[in-house]
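Read the structure below first, then the notes.
The values are calculated or read from the model by the stated rules, or taken from the named source; none is laboratory data. Model, not experiment: these values are computed from the prediction. A quick note on method: Cβ atoms are made from the backbone with ideal geometry, for glycine too, and the neighbour counts reach across all protein chains shown. Just the protein is used for accessible areas: all its heavy atoms, side chains included, with ligands, DNA and RNA removed. Shrake-Rupley method; radii C 1.70, N 1.55, O 1.52, S 1.80 Å.
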Amino acid sequence: MEFRYKINSRLLLLLLLGAIMSCCSYLMFVYQPVQLIIKKVATLAPGSIFLKLWSEPPYDVFIDAFIFNVTNKDEFLAGKEKMKIEQVGPYVYQEGLQNKNATFNEDGTMTFEPRRFLTFRRDLSIGDPDQDFIISPNIPLLGITASLQDSSMFTNLAVAAISNGLNSQSFINITIAQYLWGYDDRLVTLAHKAIPSWINFDRFGILDRLMALDNASNVVTLNMKPELGLASPILTETERLAVYHIHRWNGSPGLKQWGYVETNGTVKENSRCNMVEGAFEGTVFPPNMKANTSVKLYRRAFCRPVPFVYKNKTVSRAGFTGLTYEVDNLFLATPEENPDNACYCVKGKCLPKGLGSLSPCYYDIPIAISQPHFLNSDPMLLEQVVGMNPKEELHQSSFILHPELGIALEANLRIQINLDMGQTKYNPRTKPFNGMVLPLFWLQLRLGEIPNGIYTLITLLFYVLPVIQEVLIYLLGLGGLALMSGSALFSLFFNKDEPNGRLSFRGDYSPIPIIPINSPYFKPELRILK
């Protein structure tokens, strides 16, 4: 028996294939598989590629240190001239970061411990910190004396007598390395031995103290599922719903040094001013963040969150489009200009515009932050010393964010450290500095070039795969329609039943041969017996 279905089977197969291709095109259009891949790959989740990259970020992060060197100490101490300073640097350190012991908790949070370490980069620095000297105000002497200005006369006289007995000088001549990482100072050694609960170090280095706080045993908890409603009602709705925001820092949603009170309810002392919850730790931001969203960054060394606002512009970095954020102009404004800064007034004393106190984080020594060269600060600060030259393009803090992935394409965070002297008492070695805000040094935290792994990931997820998906949707859709319509047309014009002209998918012969009874081939034994 001969079956002639070859042409018909192929038509049916092509028709079925076209239907499958059209369905695939429709499903890809509706469900967007690339977005599902992005959600799986580019999300902080157990076993994800993004988690591995976040655990030990491949970025090159550099800290550029610029130190202010005093050039006329004798004339200044004699009262003949204002203090003249010159900027020395940069001395560049590369920062390594490890986010250790990441644990995903049942309540929708993730807990981890950040660890940072610095390595000096001689090839990027202006000189050798072990060989280059500067003249600097004696920070231990000035800082300890300034911190005691509200203490009793007896305490101030005792400190003045001790500093005179130790022959502590108003200015010191030390290397950059000693200035940043520590040197032996007899006043610090004595204070450490006498009051170790206050001065818990025996060698003083200004960057060493900043890093010591940043590298303490910090345990950070991020909110991974904000839809569960864990966030504080003090936050805005946008802040509450932002994934990856800080939920707890060392077990607390607020900063106790700025008056936050641990409670299960609501108290007037707790406000947006002393909240760390809702800020970001800086390595990752929410994906697909709206362009007009403001964010806060928090590093413990800076003692408080730093607010950034979206600048209404997009820029291109390394071929990628990013959103630009700059530090809020009200970041260091007075409480009259920015009520959210009210909690940063120490003992009822609010600093001038452009200054923010760090004293509760640093042994109650009146350390204050500002933007470099007193950018956007009270003009009075610029008049106290000679050598400040604020420039927006050099001293403003900003970063560029990849909107879909939520990582920085470029970052420049710039902070200056100052000593607010106030009015010291009974010590002639500190009297010339009374009323001054002494600029000590400033730091620039910046990102190097985008690592190859991050570059490849962004390119693949947001530029290559979406194009492939779009092409496949059209190819499968058009191809499927072409196959189905082609099969129908072929059947219509080339495969007709000649006796009646009807469409047929059967072919030229009936699938079962019909043998007439009077045929010579008919045999009686083939008849069906009833």
### Query
With (1) in contact (Cβ under 8 Å) with a residue 60 or more places away in the chain; (2) in contact with a helix residue (DSSP H, G or I) (Cβ under 6 Å, 6 or more places away or on another chain) as the list, and D132 as the residue in question, which single condition is left unmet?
(1)
### Query
Looking at D208, D202, D214, which is the one that is under 21 Å from the mean Cα position of the chain (by Cα), within 30 Å of I134 (Cβ to Cβ) and acidic (D, E)?
D214
### Task
Hey, can you tell me all the residues within the range 201-235 that are out of contact with any His (no Cβ under 7 Å at 6 or more places or on another chain) and among the acidic types (D, E)?
D208, D214, E227
#### Entry: Yes/no for I139 being touching a strand residue (DSSP E or B) at 6+ places or on another chain (Cβ under 6 Å), open to solvent by less than 60 Å² (accessible area, probe 1.4 Å) and under 22 Å from F204 (Cα atoms)
no
#### Entry: Only one of L438, L405 that is among the hydrophobic types (A, V, I, L, M, F, W, C) and modelled with pLDDT under 95
L405
### Query
When the residues of the range 324-346 are filtered to those that are open to solvent by less than 20 Å² (accessible area, probe 1.4 Å) and either touching a Pro at 6+ places or on another chain (Cβ under 6 Å) or not small (G, A, S) (or both), which remaining residue is farthest from T145 (Cα to Cα)?
T324
### Query
With (1) touching a Pro at 6+ places or on another chain (Cβ under 9 Å); (2) under 19 Å from N341 (Cα atoms) as the list, and E269 as the residue in question, which single condition is left unmet?
(1)
### Message
For the range 435-473, give me each residue that is of a type in the set (S, T, N, Q) and either farther than 24 Å from N389 by Cα or over 25 Å from the mean Cα position of the chain (by Cα) (or both).
### Response
N452, T456, T459, Q469
### Task
State the number of residues belonging to the range 345-363 that are closer than 19 Å to M380 by Cβ and not aliphatic (A, V, I, L, M).
8
### Message
I'm trying to understand the selection: among the residues of the range 48-94, which are open to solvent by 70 Å² or more (accessible area, probe 1.4 Å), under 30 Å from M224 (Cα atoms) and of a type outside the set (D, E, K, R)?
### Response
I49
### Query
Quick check: is even one residue across the range 3-12 farther than 30 Å from Y463 by Cα, open to solvent by 70 Å² or more (accessible area, probe 1.4 Å) and in a strand (DSSP E or B)?
no
### Task
Please go through the range 356-389 and pick out each residue that is free of Cβ contacts under 8 Å to residues at least 40 places away in the same chain and closer than 26 Å to M211 by Cα.
L375
### Task
State the number of residues belonging to the range 297-342 that are under 16 Å from L401 (Cβ atoms) and of a type in the set (A, V, I, L, M).
7
### Task
Specify which of the listed residues (K349, K353, K290) is surrounded by 15 or more Cβ atoms within 10 Å (Cβ to Cβ), without any contact (Cβ under 8 Å) to a residue 60 or more places away in the chain and not aromatic (F, W, Y).
K353
### Query
Where in the range 358-456 are there strands (runs of 3 or more DSSP E), lying fully within it, with 2 or more residues that are open to solvent by 20 Å² or more (accessible area, probe 1.4 Å) and within 22 Å of D64 (Cβ to Cβ)?
408-420, 437-447
